[in-house]
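K.L.:
Below is the structure I would like to discuss, written out as structure tokens.
The values are calculated or read from the model by the stated rules, or taken from the named source; none is laboratory data. Keep in mind that this is a model prediction, so the values were computed, not measured. Glycine also receives a Cβ, built like all others from the backbone with ideal geometry; neighbour counts cover every protein chain displayed.
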Amino acid sequence: MARPYQKANIPGPEMGTTVKDPKVMANIIKEGKKKVFVIGSESLNWELDGKKVVDYFIDIAKKLDCDIVATGHVFKRLKESIDADKLYDVSLINITDRLSDKDWKGLDGEGQYQMAIFGGHLVFYSSQTLSRLKNFTNWVRTVELDKYAHPNARFSLANLNDAEWKEFLEELIENL
């Protein structure tokens, strides 16, 4: 288990697992039946060797063929690449609230999600979102794809530098 990126992030007795192997992460993500991928606007600001992180997330989203939630102003970029029937513009707070509601029927009206994948958010926002989902749900498995260790996510990456993160995302996409 990697140390949490935020040193004061002490989650209590239940801690998630850091995944260092992209093949393992690909299998975890493929395993979930009904998933939602929540992509944040920070993915527009982050670049890995000249390629925006949002482009990696678009490749992942296309392979998963799941509902995509755009938070913040990333919606404009995502609507160029994601099918309109799979893309939703919802704030991070609102989607967290919906995922915490056992009776919610999902964005498509077909039932609650079993897996929520996150990426492209500021680390402290992700931490709070994942904490709420960990502590107030038992039906949503959470995955965090940003380069930081998040002990409140069921599965997250270890703390990676940009080169390691780029390699991880590329191998993840290859194995999906």
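K.L.:
Name every residue in the stretch 125-149 that is touching a helix residue (DSSP H, G or I) at 6+ places or on another chain (Cβ under 8 Å) and hydroxyl-bearing (Ser, Thr, Tyr), in order of residue number. So that I can check it myself, show each step before the final result.
P.N.:
From the stretch 125-149, those touching a helix residue (DSSP H, G or I) at 6+ places or on another chain (Cβ under 8 Å) are 125, 129, 132-133, 137, 140, 142-148; that's our starting set.
Hits for the stretch 125-149 are 125, 129, 137, 142, 148.
K.L.:
Please work out if residue 42 is at pLDDT 95 or above and charged (D, E, K, R). Lay out the reasoning, then the answer.
P.N.:
Values: at pLDDT 95 or above: yes; charged (D, E, K, R): yes.
So residue 42 passes the test.
K.L.:
Consider the stretch 67-111. How many of its residues are polar (S, T, N, Q) and crowded, with 18+ Cβ neighbours inside 10 Å?
P.N.:
Residues flagged as polar (S, T, N, Q) and crowded, with 18+ Cβ neighbours inside 10 Å within the stretch 67-111 amount to 2.
This table checks each residue for (1) modelled with pLDDT of 95 or more; (2) in contact with a strand residue (DSSP E or B) (Cβ under 6 Å, 6 or more places away or on another chain).
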| site | (1), (2) |
| --- | --- |
| 32 | no, yes |
| 53 | yes, no |
| 69 | yes, yes |
| 78 | yes, yes |
| 96 | yes, no |
| 111 | no, no |
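K.L.:
Find the residue count for the stretch 29-46, including only residues that are of a type outside the set (Lys, Arg), over 11 Å from residue 145 (Cβ atoms) and part of a helix (DSSP H, G or I).
P.N.:
Total meeting the criteria: 4.
K.L.:
Also: Considering only the stretch 81-119, state which residues are among the aromatic types (Phe, Trp, Tyr) and in contact (Cβ under 8 Å) with a residue 40 or more places away in the chain.
P.N.:
Of everything in the stretch 81-119, those that are among the aromatic types (Phe, Trp, Tyr) and in contact (Cβ under 8 Å) with a residue 40 or more places away in the chain turn out to be 113, 118.
K.L.:
Among residues belonging to the stretch 113-127 that are modelled with pLDDT of 95 or more and not in a loop (DSSP other than H, G, I, E, B), point out the one that is farthest from residue 33 (Cα to Cα).
P.N.:
119
K.L.:
Here is a follow-up. Being modelled with pLDDT of 95 or more, touching a strand residue (DSSP E or B) at 6+ places or on another chain (Cβ under 7 Å) and in a strand (DSSP E or B) is the requirement here; does residue 74 meet it?
P.N.:
So residue 74 fails the test.
K.L.:
Right, next: Identify, please: which residue in the stretch 150-176 is small (Gly, Ala, Ser) and surrounded by fewer than 20 Cβ atoms within 10 Å (Cβ to Cβ) and is, among those, farthest from residue 55 (Cα to Cα)? Reasoning before the result, please.
P.N.:
Narrowing the stretch 150-176 to residues small (Gly, Ala, Ser): 153, 156, 158, 163.
Among the residues that remain, those that are also surrounded by fewer than 20 Cβ atoms within 10 Å (Cβ to Cβ) are: 158, 163.
Details: 158: 21, 163: 16 Å.
Ranking the candidates gives 158 first.
K.L.:
Can you find a residue that is in contact with a Phe, Trp or Tyr (Cβ under 8 Å, 6 or more places away or on another chain) and at pLDDT below 95 anywhere in the stretch 162-175?
P.N.:
Checked against the condition, which is being in contact with a Phe, Trp or Tyr (Cβ under 8 Å, 6 or more places away or on another chain) and at pLDDT below 95, the stretch 162-175 yields no hits at all.
K.L.:
While we're on this one: Does the stretch 132-145 include one or more residues that are assigned to a helix (DSSP H, G or I), within 16 Å of residue 39 (Cα to Cα), modelled with pLDDT under 95 and not β-branched (Val, Ile, Thr)?
P.N.:
No; the residues of the stretch 132-145 include none that is assigned to a helix (DSSP H, G or I), within 16 Å of residue 39 (Cα to Cα), modelled with pLDDT under 95 and not β-branched (Val, Ile, Thr).
K.L.:
Only residues that are of a type outside the set (Ser, Thr, Tyr), buried (at least 18 other Cβ atoms within 10 Å of the Cβ), more than 11 Å from the chain's Cα centre (by Cα) and farther than 18 Å from residue 23 by Cα: list them for the stretch 124-149, please.
P.N.:
133, 134, 140
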